[in-house]
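Only the coordinates and a few stated rules stand behind these numbers; no lab work does. Bear in mind the structure is a predicted one, so any value in this text is a computation, not a measurement. Reconstructed Cβ throughout: ideal geometry from the backbone, glycine too, with neighbour counts over all protein chains shown.
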Amino acid sequence: MEAVPMTTPDLTSAGTASRAGGREGLLRGARIGAAAAVTVMVLLLDLISYSQLIFAGPLAESRAAGLSGLLAAYVLGSLVFIALRRTARISLSFIGAAAIVQAAIAAGVAGQLEAAGVTDPETVGQLVLVACGVSTFATGLVFALLGTLRASLLVQLLPYPVLAGFLGGVGLLFLRSGVQIGGHVDDPLAALLRTVDPAALDPGRIDAGALARIALTLGIGFCAFYLPRIVRHWGTYPTVILSSLAVVHLGLAWTGTSVAAGQAAGWLIEPLPAGSLLRPPAIGSLMAFDPHLLLPIWPKIATLVVVAVIIQILYVVSVELEIRRDLDIDRMFVASGATNMVGSLFGSSAMGFGRTSTLLLHNIGGGHWLGWWLTLAVMAALLIVGASPLALLPRPLAGGALIAIGIGLLFNLNLACRTLPGWEIAIALVVCAATAFFGATTGFLVGVLLAILIFGVQYGQIGAIRRSLSGAERRSSVIRGPDAAARLQEAGGRTRIYTLQGYLFFLNAQAIYRRAGAEAGDLRVLILDFRETVGLDSSALIAFRKVGQLAEQRGFDVLLVHLDPAARLQIARNGLTADPHIRIRDTLDEALREAEATLLVEAGGAGPGEVAVFARHMADRLGSTFGPDDFAPYLTVRDLTAGATLMRQGEAADALYFLEQGVVSIEMEVPGRGNLRLRTTTAGTVIGEIALVQGGRRTATAIAESPCRVVGIDRAGLARMERERPDLALTFQRFLMLELAGKVSDTNRLLEAEML
């Protein structure tokens, strides 16, 4: 087939499309490059800020080793993360709130080593990195377990006021650390107080440089936080970084201060070693690490783990809302867990899902893989080739980045306080103050204690008794004759059924004892239904023991039903079942049957040998004068031995039976399982009346539990009665309607009881 030559307009269109596609490709490439550049800028600022934070004071000489560990952990951790989450274009970052706790861990280990006489900077630095690695490994392990068990959101059970207050306190710690790093002062608060001390107003004693650095640090921090919220553009934050960098270096140039002099004066961070930052992993010093060093800092490690989990949840959820995509938080936790385990080999701080860096790559570069790889390549190059240019970073900028984080956390606390009730605001402020003044670990412990208090107070207000019914409102599955039913209806108030709910502990379990004590003095059986409870602690058993003592004093029985194996074991171990007035039954129906039997015996009712003649029963129900001889021609009489089948499921339903003597069990045959007992009938009750009226097949099997005598009438006998004795048939139909109405009434009462 010949090729069709292109016309001039076709060629023009093709050329235009090609140029447009080329421009679009260049624009896309530029945006991806910009995304990578901005992301690298933010990550490096965080990296320097956190290394300054963690390796401060006596650990300053180990800062290069710490920076090496952070970079190596980031590069290898990112590869591990993306290998596990190939479908998600996610950038890692170091968790800022965890870094503040990591700094406390590093300082604690350094203090112990100094007390033990270990002063060699390299040795101290390596052992501190090992301790940091242990805490990061613990974080990774918890991350992986939470994600694997799909339980990552469980940490959100921490009450919001406690969480907001704790993070607000961490924000204050960030403010202090930011001023300390940016101002290059050991005690920023003391430096500020000296400026207002009349004795220190001598210009010769005022460190103007420190005050200028503190002011610039605070200014950068406020700009880094507020300007991106005012000018909502991806370039705002990088502009703040570059402007701060330019201001400091222009100031140094204006005053003729060299880079080395600026570093010595505290305007620039200390010089980094030239050449590669590659170092042996900190795990190599593990054998020289004394495990006893972990004992004083394990509360800090636990705090770090919880803080990292909380921040990870907040970051993932916020990014899901921002990019309108489900990121599968549990899989994120698994990947972050593996990342932290790798990072722990290098003594890294805790890492996780990077909110800011991920949003930058997504919003600027469209979430393209190339942006992620470019970012990782730059970080790897800094590790391999060297990061000495980072020494040009101003200290006020590093401190300002921490200030911005702290302001953000305090801003969130302020927003929370606008919506929380007064008492929750008080809790948040108490936790915030404890965290700021006594450290993250103490603040977190205060928060946990307050969380327990909140849970106890609020949960204690939820009644342990969901509903309370009498034996007249809730009957067992035993269908009894009219006389026995009437006696039970009259005495039903002497049986009480408490349906318990929730988790039972000392605050709400006492309500059960108080409610039982308020019952009428003729209470005979108290049934406690545990079906809707989720557990109980040992303190709740005290309330049940008091209920047992009350039962002994007032002469009633306590039946515990629907206990799970753990609760049953708890009760048995505490000796509650040794009390003759407290007994355990498997089901509520079993307990109700026992209670009804007790009430009938005490009411003088007939026992299992009770006899109810059909004709006499009819006369009592309807006031008729018909006798046994009138019904005899139309009835069949059957005597059954125990275990005999009266009717079987699936057979034709063409007869009803009146039980004159004995007990019959109505059961449903379930394939693959044993028979399911539906109800039990006693003398004076009717079986199969619905089937006689409706026809069809039997839906259940009736089995004699004891020797029984039944009289029956089938469809043919009823038709013959209607022809031969219409008056008798009318009476029988009235009787049938009463029986059906009674069944409907019983069903309605049961439904009403269940819906209360």
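Structure notes:
- Here the gap between residue 259 and residue 119, fully extended at 0.36 nm per residue and compared with their Cα-Cα distance, gives a gain of 47.4 nm.
- Taking Rg/Rh (Cα atoms, Kirkwood Rh) as calculated from this structure, the corresponding entry among (1) 0.98; (2) 1.22; (3) 1.40 is (2).
- Taking Cα centre as origin and charging only the Cβ of basic (Lys, Arg, +1) and acidic (Asp, Glu, -1) residues, the dipole magnitude of the chain rounds to 1080 debye.
- The range 509-584 - share of DSSP beta bridges that are antiparallel (%, nearest 5): 0 percent
- Inter-part distance, the range 344-359 to the range 694-738, computed on C-alpha centroids, equals 79 Å.
- Pairs of Cα atoms nearer than 8 Å and 6+ residues apart set the relative contact order; for the chain it is 16 percent.
- Among 535, 486, 471 - extreme Cα towards positive end, dipole of the range 465-602, charges at beta-carbon: 535
- Compared with the alpha-carbon gap, the fully stretched path from residue 369 to residue 625 is longer by 82.6 nm at 0.36 nm per residue.
- Exposure proxy shown here: for 62, 470, the number of other Cβ atoms within 10 Å sets the order, fewest to most, as 470, 62.
- Once the Cβ-Cβ distance of residue 462 and residue 426 is raised to the sixth power relative to R0 = 25 Å, the FRET efficiency obtained is 0.65.
- Global geometry of the range 258-340, whether rounded, prolate or oblate, following the gyration tensor of its Cα atoms and the 1.5 cut on a/c: oblate
- Taking the C-alpha atoms of the range 455-541, convex hull volume expressed per residue in Å³: 93 Å³
- Label-to-label distance for residue 651 and residue 566 is 4.7 nm, based on points extended 7 Å past Cα in the beta-carbon direction.
- Cβ-based charge dipole, the range 614-755, positive-most Cα from 694, 721, 635: 694
- Kirkwood Rh, angstrom, the range 614-755 [1 / mean 1/r, Cα pairs]: 16.0 Å
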